[in-house]
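Here is the structure we will look at, set down as structure tokens.
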Amino acid sequence: MSEYSIVGRRLPKVNAWAHLTGAARYADDIDLPRMLHGRLLRSTRPHARIERLDVTRALAHPGVVAIVTGADMPEKMGIMPSTQDETALAVGKVRYVGEPVAAVAALDEDAAYEALALIDVEYEDLEPIFTIEAALEREDVKIHDEARRANVFKEVHLSFGDLDAGFAAADHVRDEWFFFEGTTHAPIESHAAVASYGADGKLTLWSSTQVPHYLHRELEKVLGLPRSRIRVIATPNGGAFGGKSDPFGHEFSAALLSMRTRRPVKITLDREEVFYAHRGRHPVKMRVKTGVKRDGEITAVELNSYLDGGAYASYGIATTYYTGALLTVTYRIPAYKFDGVRVYTNKPPCGPKRGHGTTQPRYAFECQLDKIAADLGLDPIAYRQRILQPPNSRTVNDLRITTMGLGECLGAVRTATGWDRKRGELPRGKGIGVAGSAYISGAGLPIYWNDMPHSGAEIRIDRGGGVTVMCGTSEIGQGSDNVLAAIAAETLGVYPEDVHVVSGDTSLAPVDLGSYSSRVTMMAGNATKSAATALREKLFAVASEKLGVPAERLAAAYRRIYDLGAPERYVGFVEAANLAEARYGTLVGAGSYKPPAGIGGSYKGAGVGPTPAYSYQAAVAEVSVDLETGQLTVERITTAHDCGRALNPVNVEGQVEGSAYMGYGEAVLEEQVFRGGLHKKPSLLDYKLPTSLDTPALQAVLVETVDSEGPYGAKEAGEGPLNPVIPAIANAVYDAIGVRFDETPITAEKILDALGKRDNRAAPKDRIGPDGLGDGRRDPGRALRRLGASTEARERKRAGTT
């Protein structure tokens, strides 16, 4: 029998009925009296100076009430305080097709849309930069004048341990290039915001944002309005996946237009605009060099990553570090060197997408580990289990590991998939592959470095036994409201349906830094538990007196506070609440959470990577490849996830399956690609996403390591399970047809091309060393030249040239 009454049970989400019945109010559902409708004029040029911007004709159009431009909001803004390089609307220059230039508010959306064509803009075209190579080389073309070298946004150079000695000690070295294509979030709900500036001089903004607190800060800065007069309400999100965790131009525009007109203003982006708003997965080119002993023990790893960041910073400084920081938390690496470069290009800004910054290098590293296992004749699962980073340890880059369930995850997928009877026994065209990974349970440091809590919560108990939890988190469909309700209910001894959650409201709830980096369960969960525990002490004090037993002998569950020694003796929750209020006054508890100190290093750049606890996961993909058409079918994905403790198993399984689905799409279909700065596929018709008919069978296996850092032992579940899926599919394709794919997506065209050239199921001749092992000591320049040639060919194809 479980020691808990709520935690660990398969209960419905507290907000499920609102979503199922259509009662949930998303941002675009808000309809206020006298509301105006807004539209944004967007740049048609990838790189140009704005020579003239005249809104006279548009203002005269029937129904138009107000127009604002970049000159009205010239203050730089952005999510990261040290790299703010963007304005709400373009000022003086546009840097990508789709960048917002002006905003119109009109009596209806049609009038606003018609007015956009009447805004006169004259551009002076500048030469655009579209590739990583050009961004690194072109000193004569600057997307941002502040860039110190060419169009480099950020460089990171970190080294730990004796790298040269590590490679010298290796019996076997692989040195290879990989490319991960950029992808976007594609949430069902597009971005929307409604602003209302009242007669009292206070502004309320409802927005489909993941970060109400940070948006609150930026509104103050850009609008010049004190935060005490601004209220941000994060409405329920119909999906976000990182794509709504920046401040956006439409939010500031709606706010300023409302201030100018003294009327509510709504701006909802259409689907094409969402593709240009982007902030999705960076395209990344990576060189990975790994040295191992004959038994596979890693002696050294070197990673070079080149990130295409698009036109603005977004989270780019953190993304650059993340591409290297977390590679060390899964397997023992005694020496490690990481060099990362993020560049500006004239494309929509990239940012955080599920698995932020870690998905691309994990793909490359897990594919290379699979190659090493094949070279050494090792079982890929057993090999990974042999080289695991130990629990309760420190990595070479000084990251603290607590619980570490990757070994159990690998064992679970081995059993669940029948790995031992399938590996090496499947017919040609059928394959099975594996990969492991890890992710953070929230970042160890806040975006704005300070000593304040990362999350706060307040809980109120009313005289009827109702419990209200107030926290600044955003409910983006991931179930954060349910997590907070379950933790409060477990701690206080009530049911989740007794709990009402008020989240994402900067005027009603304490600050939480936002729903990103898989931080809510760990941080808001701990804050909520702290607040509930403070209230429980008061309830136990009065119940102890009523029952005549010490408070230490009491427990709370099922709306009762009862004697553990004689459970039939209890005080009802409502009675206890009334007795406590009579003694202590209004029952309000406050709690907060800040990650512990000492969980990371002290070197420059050590702020990215530490977390209170890492989650771990392993995935096995089973595929079939049609040898005539090249069609890749992923038949099954089995993912085992170390979530600490599953607060609600069915919700955790949903997150694991959703992650697997998204990883599958990125592996075989998705690509955010451009031609001359124009998005080639800016619609859900053209941007290939898996449908329910395409999606393989998904199986989630939960591994519980119960981490003392998490609330009731929980760790993250929303992002990490994506990361192993993509390399597992690539490794399964190799098992099926003997061809390695070092770039994504793995399309039928690429498979046909590869099948026509080679079958490298056995180690190629140029990788056989004098010791009889495929040591991979090829000329690395050859890989670079091949990658460069393929990149140039791809760009020529996109540009329509030969």
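The values are calculated or read from the model by the stated rules, or taken from the named source; none is laboratory data. Note that the coordinates shown come from a computational prediction; the quantities given were computed from them, not determined experimentally. Glycine gets a Cβ as well: all are built from the backbone with ideal geometry, and neighbour counts include every protein chain shown. Only protein heavy atoms, including side chains, enter the accessible area calculation; ligands, DNA and RNA are left aside. Shrake-Rupley method; radii C 1.70, N 1.55, O 1.52, S 1.80 Å.
Worth pointing out:
- Count - residues of the range 324-357 that are open to solvent by 10 Å² or more (accessible area, probe 1.4 Å) and among the polar types (S, T, N, Q): 0
- For the range 51-99, filtered to residues that are of a type in the set (Ser, Thr, Tyr) and open to solvent by 20 Å² or more (accessible area, probe 1.4 Å), the residue that is farthest from Asn450 (Cα to Cα) is Thr56.
- Residues that are open to solvent by 10 Å² or more (accessible area, probe 1.4 Å), closer than 20 Å to Ile30 by Cβ and in contact with a helix residue (DSSP H, G or I) (Cβ under 6 Å, 6 or more places away or on another chain) do not occur anywhere in the range 269-282.
- Matching residues, the range 623-655, being in a strand (DSSP E or B), surrounded by fewer than 22 Cβ atoms within 10 Å (Cβ to Cβ) and either charged (D, E, K, R) or in the same structural domain as Gly479 (by TED's automatic domain parsing) (or both): Glu635, Arg636
- Set Val292, Val288, Val265, Val274: member being in contact with a Ser or Thr (Cβ under 7 Å, 6 or more places away or on another chain), modelled with pLDDT of 95 or more, farther than 30 Å from Gln478 by Cα and of a type in the set (A, V, I, L, M, F, W, C): Val292
- For the range 131-145, a residue qualifies if it is under 21 Å from Glu181 (Cβ atoms), open to solvent by 10 Å² or more (accessible area, probe 1.4 Å) and among the hydrophobic types (A, V, I, L, M, F, W, C), and the qualifying residues are Ile132, Ala134, Leu136.
- The range 729-747, subset farther than 19 Å from Val284 by Cα, under 28 Å from the mean Cα position of the chain (by Cα) and among the hydrophobic types (A, V, I, L, M, F, W, C), residue surrounded by the most Cβ atoms within 10 Å (Cβ to Cβ): Ala732
- Residue match in the range 101-118 (condition: open to solvent by less than 20 Å² (accessible area, probe 1.4 Å) and in a loop (DSSP other than H, G, I, E, B)): no
- All positions within the range 465-479 that are part of a loop (DSSP other than H, G, I, E, B) and closer than 18 Å to Val520 by Cα: Gly472, Thr473, Ser474, Glu475, Ile476, Gly477, Gln478, Gly479
- Any hit, the range 769-779, residues being open to solvent by less than 50 Å² (accessible area, probe 1.4 Å) and either within 30 Å of Pro348 (Cβ to Cβ) or modelled with pLDDT of 95 or more (or both): no
- Filter result for Leu20 (open to solvent by 60 Å² or more (accessible area, probe 1.4 Å) and more than 22 Å from Thr261 (Cβ to Cβ)): yes
- From Val232, Val222, residue being part of a helix (DSSP H, G or I), among the aliphatic types (A, V, I, L, M) and in contact with a Ser or Thr (Cβ under 9 Å, 6 or more places away or on another chain): Val222
- Pairs linking a residue in the range 222-248 that is on the phi > 0 side of the Ramachandran plot to a residue that is of a type in the set (Lys, Arg) and surrounded by 18 or more Cβ atoms within 10 Å (Cβ to Cβ), with Cβ atoms under 9 Å and 6 or more positions apart or on different chains, are Phe241/Lys353; Phe241/Arg354; Gly242/Arg279; Gly242/Arg281; Gly242/Lys353; Gly242/Arg354.
- Every pair of residues 6+ apart whose Cβ atoms lie under 9 Å, when the first sits in the range 118-145 and is farther than 15 Å from Ala48 by Cβ while the second is at pLDDT below 95 and not in a loop (DSSP other than H, G, I, E, B): Thr131/Thr791; Thr131/Glu792; Thr131/Glu795; Ile132/Thr791; Glu133/Gly788; Glu133/Thr791; Glu133/Glu792
- In the range 127-167, residue farthest from the chain's Cα centre (by Cα) [restricted to those that are closer than 21 Å to Thr299 by Cβ and small (Gly, Ala, Ser)]: Ala165
- Options Ala435, Ala457: the member that is farther than 30 Å from Gly630 by Cβ, crowded, with 24+ Cβ neighbours inside 10 Å and not polar (S, T, N, Q): Ala457
- Flag for Ser507 being hydroxyl-bearing (Ser, Thr, Tyr), open to solvent by 10 Å² or more (accessible area, probe 1.4 Å) and assigned to a helix (DSSP H, G or I): no
- Residues being out of contact with any Lys or Arg (no Cβ under 7 Å at 6 or more places or on another chain), farther than 20 Å from Ala374 by Cβ and not in a helix (DSSP H, G or I) - total across the range 167-183: 3
- Scanning the range 676-704 for residues that are over 27 Å from Thr638 (Cα atoms), among the small types (Gly, Ala, Ser) and surrounded by 18 or more Cβ atoms within 10 Å (Cβ to Cβ) turns up just one, Gly677.
- Residue list for the range 395-410, filter: open to solvent by 10 Å² or more (accessible area, probe 1.4 Å), in contact (Cβ under 8 Å) with a residue 60 or more places away in the chain and in a helix (DSSP H, G or I): Glu408
- Taken over the range 362-394, the criterion of being outside any helix (DSSP H, G or I) and open to solvent by 10 Å² or more (accessible area, probe 1.4 Å) is satisfied by Gly377, Leu378, Asp379, Leu388, Gln389, Pro390, Pro391, Asn392, Ser393, Arg394.
- Checked against the criterion of being closer than 28 Å to Val703 by Cα, open to solvent by less than 20 Å² (accessible area, probe 1.4 Å) and touching a Gly at 6+ places or on another chain (Cβ under 8 Å), the range 581-594 has no qualifying residue.
- Condition met for Ala48 (touching a residue at least 60 places away in the same chain (Cβ under 8 Å), touching a Leu at 6+ places or on another chain (Cβ under 6 Å) and open to solvent by less than 60 Å² (accessible area, probe 1.4 Å)): yes
Residue-wise test of (1) of a type in the set (A, V, I, L, M); (2) open to solvent by less than 10 Å² (accessible area, probe 1.4 Å); (3) modelled with pLDDT under 95.
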{"position": "Ala193", "(1), (2), (3)": "yes, yes, no"}
{"position": "Lys221", "(1), (2), (3)": "no, no, no"}
{"position": "Ala240", "(1), (2), (3)": "yes, yes, no"}
{"position": "Phe252", "(1), (2), (3)": "no, yes, no"}
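- Selection over the range 546-568 of residues that are under 42 Å from the mean Cα position of the chain (by Cα), part of a strand (DSSP E or B) and surrounded by fewer than 18 Cβ atoms within 10 Å (Cβ to Cβ) gives a count of 1.
- Residue selection: Val739 satisfies the criterion of being free of Cβ contacts under 8 Å to residues at least 24 places away in the same chain and touching a Lys or Arg at 6+ places or on another chain (Cβ under 9 Å).
- Selection status of Asp375, farther than 30 Å from Val574 by Cα and either of a type in the set (Asp, Glu) or not assigned by TED's automatic domain parsing to the domain that holds Thr744 (or both): yes
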